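Heads up, the thing below is written out as structure tokens.
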Amino acid sequence: EDQVTQSPEALRLQEGESSSLNCSYTVSGLRGLFWYRQDPGKGPEFLFTLYSAGEEKEKERLKATLTKKESFLHITAPKPEDSATYLCAVRPSGGYNKLIFGAGTRLAVHP
Amino acid sequence: DAGITQSPRYKITETGRQVTLMCHQTWSHSYMFWYRQDLGHGLRLIYYSAAADITDKGEVPDGYVVSRSKTENFPLTLESATRSQTSVYFCASSPRGLNTEAFFGQGTRLTVV
């Protein structure tokens, strides 16, 4: 069964303390992996799409990487405004109408 | 303003009542989606539409009905609301479907009592 698991569920960082969020997936072929950011009371906001193992993408303090089994969202020197829930979603090859979201990682960055 | 808007933002309804959640986008994106988000679960796809008059089921379609007579609108109807449909509902649009990024609305928090 296709599955997406994000860890940790919650992460507390001090401002400037770099860390990584994990998204591991079990799917029958990968068509794409997406990272979104969600602020409380708002809809998800697109960050990155990764399509193949070895691919990396960066945006400001965020860098997303992809292997055959997992993706990491690296946050370098985070600021309080990076506090949000980060969602990972996987588009498997098998189901044409499937997009599987993980439950998310709640990140809190304290000054 | 350009974007995707949902209405209402909050709704309380009684079990058994019909309720419609509205979604409007100004980008003329071909694809539109409805998701629900429940505590401890990821977003789950309810229905999607590839174009006007073309809709298809997602992961959790039971109890929901959609229509899309115009490109910009994609209403979601709960024909007979149940407590298990208490959730936050998100509408999204995309220019190229599930293989690319989607743009989400602000969400509708629905409570069925």
Can you find even one residue in region A:53-63 that is of a type outside the set (Val, Ile, Thr) and touching a Cys at 6+ places or on another chain (Cβ under 7 Å)? no
For region A:21-36, enumerate the residues that are surrounded by fewer than 19 Cβ atoms within 10 Å (Cβ to Cβ) and under 26 Å from B:Gly105 (Cβ atoms). A:Arg31
From the list A:Phe34, A:Phe72, A:Phe48, exactly one residue is out of contact with any Cys (no Cβ under 8 Å at 6 or more places or on another chain), aromatic (Phe, Trp, Tyr) and modelled with pLDDT of 95 or more. Which is it? A:Phe48
Which ones in region B:56-102 are among the charged types (D, E, K, R), assigned to a loop (DSSP other than H, G, I, E, B) and more than 14 Å from chain A (Cβ to nearest Cβ)? B:Asp62, B:Arg68, B:Lys70, B:Glu72, B:Glu79
Restrict the check to region A:46-66 and report whether at least one residue is closer than 20 Å to B:Tyr48 by Cβ and either of a type in the set (D, E, K, R) or buried (at least 16 other Cβ atoms within 10 Å of the Cβ) (or both). yes
Select from region B:1-30 the residues that are exposed (fewer than 14 other Cβ atoms within 10 Å of the Cβ), of a type outside the set (Gly, Ala, Ser) and in a loop (DSSP other than H, G, I, E, B) and list them in ascending order. B:Asp1, B:Pro8, B:Arg9, B:Glu14, B:Thr15, B:Arg17, B:Gln18, B:Thr26
Kindly indicate the residue of region B:36-55 that is within 14 Å of chain A (Cβ to nearest Cβ) and hydrophobic (A, V, I, L, M, F, W, C) and also surrounded by the most Cβ atoms within 10 Å (Cβ to Cβ) among those meeting that condition. B:Leu43
Identity of the residue in region A:62-88, touching a Pro at 6+ places or on another chain (Cβ under 9 Å) and either without any contact (Cβ under 8 Å) to a residue 12 or more places away in the chain or within 14 Å of another protein chain (Cβ to nearest Cβ) (or both), that ends up farthest from B:Pro61 (Cα to Cα): A:Ala84
Of those in region B:31-54 that are small (Gly, Ala, Ser) and not in a loop (DSSP other than H, G, I, E, B), the residue nearest to the chain's Cα centre (by Cα) is B:Ser49
Which members of region A:78-94 meet the condition of being more than 18 Å from A:Leu13 (Cα to Cα), among the small types (Gly, Ala, Ser) and surrounded by 18 or more Cβ atoms within 10 Å (Cβ to Cβ)? A:Ala89
Of all residues in region A:1-14 being surrounded by fewer than 13 Cβ atoms within 10 Å (Cβ to Cβ) and modelled with pLDDT of 95 or more, which is farthest from B:Arg109 (Cα to Cα)? A:Gln14
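The values are calculated or read from the model by the stated rules, or taken from the named source; none is laboratory data. Note that the structure is a prediction, hence the values are computed from the model and not measured. Because the Cβ atoms are built from the backbone with ideal geometry, glycine has one as well, and the counts that use them run over all protein chains shown.
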